[in-house]
Amino acid sequence: MNDADWNAVDSYIVDQLVEEDTALRAALDANAAAGLPAIDVSPAQGKLLHLLVRLSGARRVLEVGTLGGYSTIWMARALPEGGKIVSLEIDRRHAGIAEENVARAGLAERVEIRVGAALDLLGAMTGEEPFDFAFIDADKQNNAAYLREAARVSRPGAAILVDNVVREGRVTEADSGDPAIEGTRALFDALAADGEVDATAIQTVGAKGWDGFALAIVSAP
Ligand code: SAH
Ligand code: DHB
Ligand code: MG
């Protein structure tokens with residue numbers, strides 16, 4: 001099996017099961033036109049996020065790493081009336097494009113993009129209504145800290161999904177020297193540590209290559 005096979009199967013899955021409408025396509029087109037990297041979740045992954053948000057009954061979703069808001073749109077569409085996504089993005093230009101993409105999708109009311117370093121924004125969250133679902137998809141070196149902060153601002157039983165935890169198998173490199181891999185391994189250590197969350201990770205292949213995600217549930221205090 002190689003990337004061409006994975007792509008063919010992903011195309012089949014998307015053709016059969018994933019309706020990528022004009023607003024989602026327009027978002028990817030706008031991202032490409034603005035020169036943003038094509039590191040959004042794939043359509044099938046976006047639909048998975050959408051289904052997980054619905055499954056969890058989430059009203060409040062936290063996202064770390066907005067880019068052009070492609071994943072944001074998938075999740076925002078899963079929210080009930082009055083639901084909200086708070087999405088954190090360090091790059092003001094990315095946030096601006098995401099605002100436009102979200103508005104074009106008719107979701108501006110449900111999405112709040114906060115601009116800044118996610119750790120600062122998370123640290124500043126006090127007295128905020130707890131989140132029911134979190135998607136962590138920003139710089140990988142901070143993933144352990146993002147997990148801890150996401151757990152802190154979420155209710156017990158909330159789900160936390162972390163993207164890109166396999167990185168073509170490089171997660172098993174104990175001394176990679178790559179901050180992204182070291183951050184991913186620190187994330188696994190944090191997921192494995194007793195008490196805070198219960199977690200697993202799943203490898204994936206498809207349009208975004210060989211990667212994977214971790215899913216955790218926040219424990220009761
Ligand atoms: N979730 C998006 C993709 C996010 S790409 C989607 O699937 O559509 C990662 C994003 O994280 C980039 O836009 C990058 O600017 C942002 N980012 C990187 N470091 C960050 C930090 N320290 N705080 C907040 N955002 C950060
Ligand atoms: C990268 C980041 C992502 O969130 C992703 O899904 C794929 C690649 C990256 O930084 O290379
Ligand atoms: Mg990602």
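A short reminder: the numbers here are calculations on the coordinates, not readings from a lab. Note that this is a predicted model, so its numbers are computed, not measured. Glycine gets a Cβ as well: all are built from the backbone with ideal geometry, and neighbour counts include every protein chain shown.
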### Query
What's the longest bit of the chain with no exposed GluC sites (Glu not before Pro), using DSSP loop states and at most 14 other Cβ atoms within 10 Å as the test?
20-80
### Rounded to whole Hz, the Karplus (6.51, -1.76, 1.60) HN-Hα couplings of the stretch 86-91, x for glycine and proline
9, 10, 9, 9, 7, 9
### Query
Amide H of V197: which non-local residues (sequence gap of 5 or more, or other chain) have their own amide H closer than 5 Å, using H built in the peptide plane?
S219
### Amide H partners (placed H, <5 Å) of S154, local residues excluded
F131
### Task
Express as a percent, rounded to the nearest 5, the fraction of DSSP beta bridges in the chain (both residues included) that run antiparallel.
40
### Task
List the residues whose amide H sits under 5 Å from the amide H of I136, counting only those 5 or more places along or on another chain, with H placed 1.01 Å from N in the peptide plane.
V64, L161, V162, D163
#### Entry: Spatially proximal aspartates and glutamates relative to K84 (Cα-Cα < 19 Å; intrachain offsets below 8 disregarded)
E63, E99, E100, E109, E112, E128, E129, D132, D137, E149
### Query
So how many Å³ per residue does the convex hull of the Cα atoms of the stretch 83-221 work out to?
123
### Task
Determine by what factor the alpha-carbon radius of gyration of the stretch 69-124 differs from 2.2 N^0.38 Å, reporting the quotient.
1.09
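Taking the number of other C-beta atoms within 10 Å as the exposure measure, put S42, S56, S71 in order starting with the fewest.
With the sparsest Cβ surroundings first, the list reads S56, S42, S71.
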### Query
What share of all Cα pairs of the stretch 1-156, in percent, falls into each consecutive 5 Å distance bin?
2, 9, 19, 21, 21, 15, 9, 3, 1, 0
## Note on the structure
The Rg/Rh figure for the stretch 1-73, Cα atoms and Kirkwood Rh, to two decimals is 0.99
